[in-house]
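The values are calculated or read from the model by the stated rules, or taken from the named source; none is laboratory data. Keep in mind that what you see is a predicted model, and the values were worked out from it rather than measured. So basically every Cβ, Gly included, is an ideal-geometry build from the backbone, and we count neighbours across all protein chains shown.
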Amino acid sequence: MKLGIFMKIFTRPRWQQSLDVITDMGIQWIHFTLQPIVGEALPHEVDARTVDQIRRELTARGLKIATFSGTFNMAHPDEGYRREYLARFSTVCSVCRDLGGAIVAVCTGTRDPLDMWRWHPENQTPQAWEDMSRTMEEALTLADRYQVILAFEPEANNVVDSPQKAQRLLEEFQHPRLRVILDPVNILPEAGSIDRNQILEQAVRLLGPSIVAAHAKDVVRTGMAAKFGEPLVDYSCYLQLLSDHGFDGALLIHSVAEHDVPQVIAFLRNTAGKSKINLD
């Protein structure tokens, strides 16, 4: 298993400085985004000189792209939006390939027109699934063209809001380039008497062969000893489940404050070490 981190956690005047911080923390794998470099995560185009510069900066630091940000709202109610962002998505796939990346992160989306991470009551409708599925089909055509993997995340506020629906989507396409990113926070209930470890076990058992990246999100609040309440994620169980199912992709630190990152790194390494799991 490889330890990685979201590039966007670190904000610096120059994007190269963010890479320096990551390198200084002893991390090699990153969730990469074009946002700080060209001003948007899904641009219309990126010139060859910029791509070459990014490649040089990554290589000089020994950094590798675990996943590449390509998220847009695949279930957006406006077909014009979906068309626009499919065109932009083509650019992302091309740049990912040219930088040596292999996995582009995507979002199955929501009917909310303003925020692709916000729940909407129409997410459960056949039309929402159809629009998302049609967009995914076209995105997979681009994945074939640029020889990258598309990895979507089951997310409670999206059309694919559970591991079961993720399996449904995988079975619908049966496409070798369609894979899964697992974020336990986004599939676990925040309250109630449900056995959360059992939910995690079911998710990993169901999706295990298709999981190509995993998130370690909100670790300080939910994974470590908290002042109030119980931890949402049992990271010892989570890492063991991933390991037992042969996961050897990147475990990406996500949605933590920069000043908490050293603590999160230490926690994850210690937790893995106690179970004799290798976390590079």
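Structural remarks
- Residue check for Thr91: outside any helix (DSSP H, G or I) and surrounded by 16 or more Cβ atoms within 10 Å (Cβ to Cβ): no
- Segment 3-38: number of residues that are within 17 Å of Ala257 (Cβ to Cβ) and of a type in the set (Lys, Arg): 2
- Residue match in segment 99-111 (condition: over 15 Å from the mean Cα position of the chain (by Cα), surrounded by fewer than 23 Cβ atoms within 10 Å (Cβ to Cβ) and closer than 19 Å to Phe32 by Cα): yes
- Residue within segment 27-38 that is more than 20 Å from the chain's Cα centre (by Cα) and closer than 18 Å to Phe89 by Cβ present: yes
- Of the residues Leu279, Leu252, the single one that is modelled with pLDDT of 95 or more, in contact with a Leu (Cβ under 9 Å, 6 or more places away or on another chain) and within 19 Å of Asp218 (Cα to Cα) is Leu252.
- Among the residues of this structure, Ala151 does not count as one that is farther than 14 Å from Ser210 by Cβ and touching a residue at least 12 places away in the same chain (Cβ under 8 Å).
- The number of residues in segment 244-254 being in contact with a Lys or Arg (Cβ under 9 Å, 6 or more places away or on another chain) and within 17 Å of Trp29 (Cβ to Cβ) comes to 7.
- Of all residues in segment 4-51, those satisfying the criterion of being in contact with a helix residue (DSSP H, G or I) (Cβ under 9 Å, 6 or more places away or on another chain), of a type outside the set (Val, Ile, Thr) and assigned to a helix (DSSP H, G or I) are Met7, Lys8, Trp15, Gln16, Ser18, Leu19, Asp20, Gln35, Pro36, Ala48.
- First in segment 155-180 and among the polar types (S, T, N, Q), second anywhere and modelled with pLDDT of 95 or more and in a helix (DSSP H, G or I), Cβ under 6 Å, 6 or more apart: Gln167/Leu206
- With respect to the stated conditions, Ala41 is buried (at least 19 other Cβ atoms within 10 Å of the Cβ) and under 24 Å from Ser133 (Cα atoms).
- Looking only at segment 37-73, residues that are in contact with a Phe, Trp or Tyr (Cβ under 8 Å, 6 or more places away or on another chain) and either of a type in the set (Gly, Ala, Ser) or at pLDDT below 95 (or both) come to 3 in all.
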